[in-house]
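The values are calculated or read from the model by the stated rules, or taken from the named source; none is laboratory data. Treat the numbers as computed from the prediction; the structure is a model and nothing was measured. Reconstructed Cβ throughout: ideal geometry from the backbone, glycine too, with neighbour counts over all protein chains shown.
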Amino acid sequence: MNILVIVAHPDDEVLGMGGTILKHAKKGDKVAVAYLTTGITSRRSTNYKTNSRYETTKKQQVEIRKQIEELRKDAKKVCKFLRVKKTIFFDYPDNELDTVSLLKIIKTVEELTKQTKPDRIYTSHFGDLNIDHRIVYESVITAVRPTEIKVKELLCFELLSSTEWSFSYDFKPNYFVDIKDELKSKVKAMKLYKNEIRAYPHPRSIDSIKHSAGKWGTVSGFIAAEAFQLIRKFEK
């Protein structure tokens, strides 16, 4: 099975489904992970400026690009650890996907699906607080509408510090994956992101990641689980 994980930021893939990614890989599935934005919070990429108040000096641009490259190095280490076959980076601005033409992002996702030919796509949830997560979802569900591109399954995951902080908590999981044997690896993968972990009780702390797995485990009858919302499925 070909699996495509489409996220806004590096670390989204681990928070949302690090255990499930590894489980797919163990089964022999080919997993590709695509990051649509640079992932440097509230910073412009070096070539993306649309407003004078975001202008940066040459020195700042060099530093921002350095931060982006460091984060991508971490993401590559994570993907290698989780046995991901293909890692793809795009250069859209972090936390500002709403400044980009939605059609442009949709075209990017369409081309991505043509290249990877996924049987199943995982992405962020449409109700997330984070604007990038919502736009990624909207781009994905539009790009894989059942016309030329026939992706068999589309699922969404929650992202700690975004999904649960939304005013309207619309995440209604109906698909659960047992990650009892993968939870330790999920935690190790998150630790490979040197600058993304926060101290408890922040949702992106190690303890919170474990608690989330335990919570969904109690819901589904597993010791530890990751939860998904099945959006669409086609079966012949």
Legend entry - Search result, residues across the stretch 208-225 that are of a type in the set (Val, Ile, Thr) and within 16 Å of LYS172 (Cα to Cα): THR218, VAL219
Inset, instruction - Only residues that are at negative phi and either of a type in the set (S, T, N, Q) or crowded, with 22+ Cβ neighbours inside 10 Å (or both): list them for the stretch 156-182, please. - result: CYS156, PHE157, GLU158, LEU159, SER162, THR163, SER166, SER168, ASN174, ILE179, GLU182
Legend entry - Checking THR46 against (1) of a type outside the set (D, E, K, R); (2) modelled with pLDDT of 90 or more; (3) in a loop (DSSP other than H, G, I, E, B), the condition it does not meet: (2)
Legend entry - Evaluation of LYS236 against (1) over 30 Å from GLN67 (Cβ atoms); (2) of a type in the set (D, E, K, R); (3) at pLDDT below 95; (4) in contact with a Leu (Cβ under 9 Å, 6 or more places away or on another chain) (one fails), failing number: (4)
Inset, instruction - Being buried (at least 24 other Cβ atoms within 10 Å of the Cβ) and either among the polar types (S, T, N, Q) or touching a residue at least 60 places away in the same chain (Cβ under 8 Å) (or both) is the filter; apply it to the stretch 111-134 and report the residue that is farthest from LYS210 (Cα to Cα). - result: PRO118
Legend entry - Scan of the stretch 205-236 for residues that are within 27 Å of PRO118 (Cβ to Cβ) and assigned to a loop (DSSP other than H, G, I, E, B), ordered by number: PHE222, ALA224, PHE234, GLU235, LYS236
